[in-house]
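Quick note: the coordinates plus some simple rules give every number you see, no bench work behind them. The model shown is predicted, which means the values in this text are computed figures rather than measured ones. All Cβ positions, even for glycine, are placed from backbone atoms using ideal geometry, and neighbour counts span all protein chains on display.
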Amino acid sequence: MTKNRFNDALDWALQGKYARVVAEERTYEGWIERVHHSRGSVVMHTVTADETETLGSVFIRTPDIVEVIKPQKRIEWRDVNDLQPFPDHDLDFEPKDDIIRACYRNQYAKSFPVIREDGTIINGHKRITAARIAGLDRHPVEVIDVTDEQAAELFAVAHRNQLEDDTDNAAKRENKSGNSPTDTAEEKE
């Protein structure tokens with residue numbers, strides 16, 4: 001990570017991706033390892049030039065076009081009112097003021113919330129809430145096609161810290177009351 005958000009985003013979007021790079025009237029296809037921001041160049045491996053010549057690894061100075069051939073992200077504009085929280089999302093939160101301001105000023109919450117095809121939010125509940133508070137009708141989101149099990153696993157990974165905090169808070173309540181959360185649930189039945 002650098003201190004330049006644009007360069008970080010560029011690295012994240014290109015590193016490790018299979019791409020087409022056009023430079024000096026030649027077209028290269030291969031895997032991008034690194035983007036040299038100060039030099040305006042790209043390092044690629046397993047490269048084919050002009051669809052015929054196998055080159056191996058190349059350093060391409062000042063490319064005209066860099067295009068990810070098989071992008072791994074699908075970004076779409078979605079109506080924020082069509083997005084619903086993940087079924088297991090009962091975490092209490094308030095979006096940060098800087099995210100709400102970013103939504104209001106830029107019509108964008110600084111990053112893409114991740115949703116399923118049906119509009120279920122896997123990661124980005126605060127960002128979508130911030131977009132609603134800022135009065136946005138739509139927000140760009142990353143749409144992923146996953147099974148219910150995969151969605152649950154991704155949700156757990158994305159919210160690991162918050163889920164651990166909830167577990168820690170439940171344990172603290174248990175110690176104070178002398179009852180475990182299980183004991184309390186059994187008593188209510």
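Details
- Per-residue extension of 0.36 nm, minus the Cα-Cα distance of residue 137 and residue 24, leaves a gain of 36.4 nm for this segment.
- Summing Cβ point charges (Lys, Arg +1; Asp, Glu -1) relative to the Cα centre of the stretch 75-174 gives a dipole of roughly 660 debye.
- Fewest-first sequence of 153, 24 by Cβ atoms within 10 Å of each Cβ: 24, 153
- Using the Cβ of residue 9 as centre and a radius below 14 Å, the other residues enclosed give a net charge of +2, where K and R count +1 and D and E count -1.
- Net length available on complete extension from residue 3 to residue 37 is 11.0 nm, with 0.36 nm assigned per residue and the Cα-Cα distance removed.
- With K and R counted +1 and D and E -1, the other residues having a Cβ less than 14 Å from that of residue 32 yield a net charge of 0.
- Taking other residues whose beta carbon is less than 10 angstrom from the beta carbon of residue 50, and scoring Lys, Arg as +1 and Asp, Glu as -1, yields -3.
- Quarter of Cα convex hull surface for the stretch 5-68, i.e. mean projection, nm²: 3.8 nm²
- Checking the cross-link pairs 70/110; 96/126; 17/73; 17/70; 17/126 against a 18 Å limit on the alpha carbon distance flags 70/110; 17/126 as lying beyond it.
- If you look at the Cα atoms of the stretch 75-174, you get an Rg and a Dmax of 14.1, 45 Å.
- Magnitude of the charge dipole for the stretch 5-68, about its Cα centre and with charges confined to Cβ atoms of Lys, Arg (+1) and Asp, Glu (-1), is about 320 debye.
- Listing 160, 78, 127, 138 from fewest to most neighbouring C-beta atoms within 10 Å gives 160, 138, 78, 127.
- Here the stretch 1-45 is scanned for amide nitrogen atoms under 20 Å from the site 7 Å beyond the Cα of residue 54 along Cα-to-Cβ, giving 18-21, 27-33, 44-45.
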